[in-house]
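Note sheet for the following structure.
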Amino acid sequence: MEVLKDRLTRSMMEYFGQDERLIQHALRVTRYAEDSLRYEESADGDGVIAAAILHDIGIPEAERKHGSSAAEYQELEGPPIARELMRQEGLPERMIEEVCQIIAHHHTPGVVDTVNFEVVYRADVKVNLEDKALLA
Ligand SMILES: [Fe+2]
């Protein structure tokens, strides 16, 4: 799990390039998701970690193509990019598809009904709420 995490983290950081804000957000969401894994025995650690690291990978492309990082565009643009990055790391296709499903709905709860989705979704909400509180 550690090797996978390191490799996907490096891919994510390379893809986001200079965007420290997106990198830090992904790292924080991953940390919270990892914390939850200790209590969610039925979650699949690798899938959760991969989805947490890559969940916002569609933001730069959404901004480029649609001029907006609105949820629907992130959810549309994220999966193909995540799929490519995970294939480069040789992850199994089944896992790639599951992670892509999470990314495709990460702002739309209630569609993907899995523990893995819940863990990633809650971690993202937690970080977003903390950021909002800092701004308020
Ligand atoms: Fe996020």
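Within the range 84-136, work out how many residues are closer than 12 Å to residue 51 by Cβ and small (Gly, Ala, Ser).
Within the range 84-136, residues that are closer than 12 Å to residue 51 by Cβ and small (Gly, Ala, Ser) number 2.
For the range 27-47, indicate whether the set of residues that are away from the ligand (no atom under 16 Å from the Cβ), out of contact with any Ser or Thr (no Cβ under 7 Å at 6 or more places or on another chain) and among the polar types (S, T, N, Q) is non-empty.
yes
Just to be sure I understand, how many residues within the range 1-59 are small (Gly, Ala, Ser), modelled with pLDDT under 95 and assigned to a loop (DSSP other than H, G, I, E, B)?
Here the count works out to 2.
How many residues are within 16 Å of the ligand (Cβ to nearest atom) and closer than 19 Å to residue 116 by Cβ if we restrict to the range 1-24? Working first, answer last.
Looking only at the range 1-24, we keep the residues that are within 16 Å of the ligand (Cβ to nearest atom), and these are 8-9, 12-13, 15-16, 19-24.
Those still in the list that are closer than 19 Å to residue 116 by Cβ too: 8-9, 12.
Count: 3.
Count, please, the residues in the range 115-136 that happen to be away from the ligand (no atom under 12 Å from the Cβ) and either charged (D, E, K, R) or out of contact with any Asp or Glu (no Cβ under 8 Å at 6 or more places or on another chain) (or both).
Of all residues in the range 115-136, those away from the ligand (no atom under 12 Å from the Cβ) come to 115-119, 132-136.
If we keep only those that are either charged (D, E, K, R) or out of contact with any Asp or Glu (no Cβ under 8 Å at 6 or more places or on another chain) (or both) as well, we get 117-118, 132-136.
Of the residues in the range 115-136, 7 are away from the ligand (no atom under 12 Å from the Cβ) and either charged (D, E, K, R) or out of contact with any Asp or Glu (no Cβ under 8 Å at 6 or more places or on another chain) (or both).
Matching residues to (1) touching an Asp or Glu at 6+ places or on another chain (Cβ under 8 Å); (2) of a type outside the set (Val, Ile, Thr); (3) touching a residue at least 24 places away in the same chain (Cβ under 8 Å):
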residue: 5; (1), (2), (3): no, yes, yes
residue: 15; (1), (2), (3): no, yes, yes
residue: 22; (1), (2), (3): yes, yes, yes
residue: 32; (1), (2), (3): no, yes, yes
residue: 49; (1), (2), (3): yes, no, yes
residue: 57; (1), (2), (3): no, no, yes
residue: 68; (1), (2), (3): no, yes, no
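The values are calculated or read from the model by the stated rules, or taken from the named source; none is laboratory data. Keep in mind the model is a prediction, meaning the values are calculated, not measured. Methodologically, a virtual Cβ is constructed for each residue, glycine included, from the backbone with ideal geometry; neighbour enumeration extends over all protein chains shown.
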